[in-house]
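Reading through the structure tokens given below for one structure.
Rule-based calculations on the coordinates, nothing more; no lab input. Because the structure is predicted, anything quoted here is derived from the model rather than measured. Methodologically, a virtual Cβ is constructed for each residue, glycine included, from the backbone with ideal geometry; neighbour enumeration extends over all protein chains shown.
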Amino acid sequence: MQQRPRRNRKSEAVREMVRETRLPLSSLMYPLFMIDGENQCSPIHSMPGISRWSADRLIDEIAECVSLGLRSFVLFPAFADSLKDTEATLSSDPSNFYLQSIRAIKARFPEVILMSDVAMDPYSSDGHDGLVRNGEIVNDETLPILARMAVAQAEAGIDIIGPSDMMDGRVGFIRKALDEAGYTGVSIMSYTAKYASAFYGPFRDALDSAPRSGDKKSYQMDPANRKEALREAVLDEAEGADMLMVKPALCYLDVILKLSENSVLPIAAYNVSGEYAMLKAAGINGWIDYERAVKECLLSIHRAGANIILTYFAKEYATWYHADKG
Ligand code: PBG
């Protein structure tokens, strides 16, 4: 035999030398859920290990994550139903606790990267990402609401705006609004290929943000489609996005690969709540080697072409990362 591929696997030292993919902590973004109040930490039952934090407690949590080597965070607010309305008015009110908390976190940790979510659902009494008129999710009337929300977030000090709403033309619309308000340095990571997925269930529990009627299939993408992701990518690039995201991650590795091969922009993937919950449940029950399975999943997302991974595993991964190096 001339070729014996096993020679490159003969010891850990050799395997490490020929390893093609490594996942550094700098690639990870840690999503965090926020609630109003003081000294609050409310666990999310469908996401064991993940909680909703009030700003004061969140600051301690971020400090711990920063000491573990994480430096990017994605912030999601949970608002009381009584504050929601059809126009998501609260989303651009500078006195809302989310914008206030962003200010406080940024003041305490100027060096960390903070990303927001731009969509109407956490603020909307309809629970949809866009404006609902006669049962339809209307596109163009939604855009100014999203733009106001994005500008208010930029004003509060957010570094990256994450439009997750999947309305047509929103990236360009938001980019223009940010620039006109003087926020030319605020980035946009577009949820470019966001699929109408069953894997967002635990997230919607966490924020109590499920649609009150209907589903999100008229704006989020059909899981059967891959070429369409390329169409969305071309549009987002042209509209001024800085980074493109695929969401969810694990069922969509082919989409991540396709975008990474066809775009000059950095590609991110969102390893979503349902993907977290599945592994966590199997781990808690002892049905799987949790640490190895999580590392394998994150590495696979990275191998497929995502330089940036938004994942609820970020903090645990950071702990393991240091133990592996030690
Ligand atoms: C809101 C939004 C969702 C997620 C991120 N932003 C839910 C949805 O679209 O229904 C899901 C994230 C996750 O499941 O971890 N637009």
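Here is how the numbers come out for the structure above:
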{"read-out": "Enumeration of residues in the range 214-228 that are surrounded by 14 or more Cβ atoms within 10 Å (Cβ to Cβ) and within 16 Å of the ligand (Cβ to nearest atom)", "value": "G214, K216, Y219, Q220, M221, P223"}
{"read-out": "The range 253-280, residues that are surrounded by fewer than 22 Cβ atoms within 10 Å (Cβ to Cβ) and more than 15 Å from the ligand (Cβ to nearest atom)", "value": "L253, D254, L257, K258, S260, E261, N262, S263, V264, L265, P266"}
{"read-out": "Any hit, the range 198-205, residues being within 14 Å of the ligand (Cβ to nearest atom), part of a helix (DSSP H, G or I) and either among the basic types (K, R) or without any contact (Cβ under 8 Å) to a residue 12 or more places away in the chain (or both)", "value": "yes"}
{"read-out": "Residue identified as more than 15 Å from the ligand (Cβ to nearest atom) and on the phi > 0 side of the Ramachandran plot among G127, G157", "value": "G157"}
{"read-out": "Members of the range 77-101 found to be crowded, with 22+ Cβ neighbours inside 10 Å and within 12 Å of D36 (Cα to Cα), listed by number", "value": "P77, F79, Y98, L99, S101"}
{"read-out": "W287 in a helix (DSSP H, G or I) and either among the aromatic types (F, W, Y) or within 22 Å of E61 (Cα to Cα) (or both)", "value": "no"}
{"read-out": "Strands (runs of 3 or more DSSP E) completely within the range 1-79 that count 2 or more residues being in contact with a Pro (Cβ under 6 Å, 6 or more places away or on another chain)", "value": "72-77"}
{"read-out": "Evaluation of G286 against (1) surrounded by fewer than 16 Cβ atoms within 10 Å (Cβ to Cβ); (2) touching a helix residue (DSSP H, G or I) at 6+ places or on another chain (Cβ under 8 Å) (one fails), failing number", "value": "(2)"}
{"read-out": "Selection count, the range 296-315, where residues are more than 13 Å from the ligand (Cβ to nearest atom), β-branched (V, I, T) and outside any helix (DSSP H, G or I)", "value": "1"}
{"read-out": "Of all residues making up the range 54-71, the number that are out of contact with any Ser or Thr (no Cβ under 8 Å at 6 or more places or on another chain) and either of a type in the set (A, V, I, L, M, F, W, C) or within 16 Å of the ligand (Cβ to nearest atom) (or both)", "value": "6"}
{"read-out": "Residue among A293, A277, A318, A229 that is among the aliphatic types (A, V, I, L, M), in contact with a Pro (Cβ under 6 Å, 6 or more places away or on another chain), touching a residue at least 12 places away in the same chain (Cβ under 8 Å) and assigned to a helix (DSSP H, G or I)", "value": "A277"}
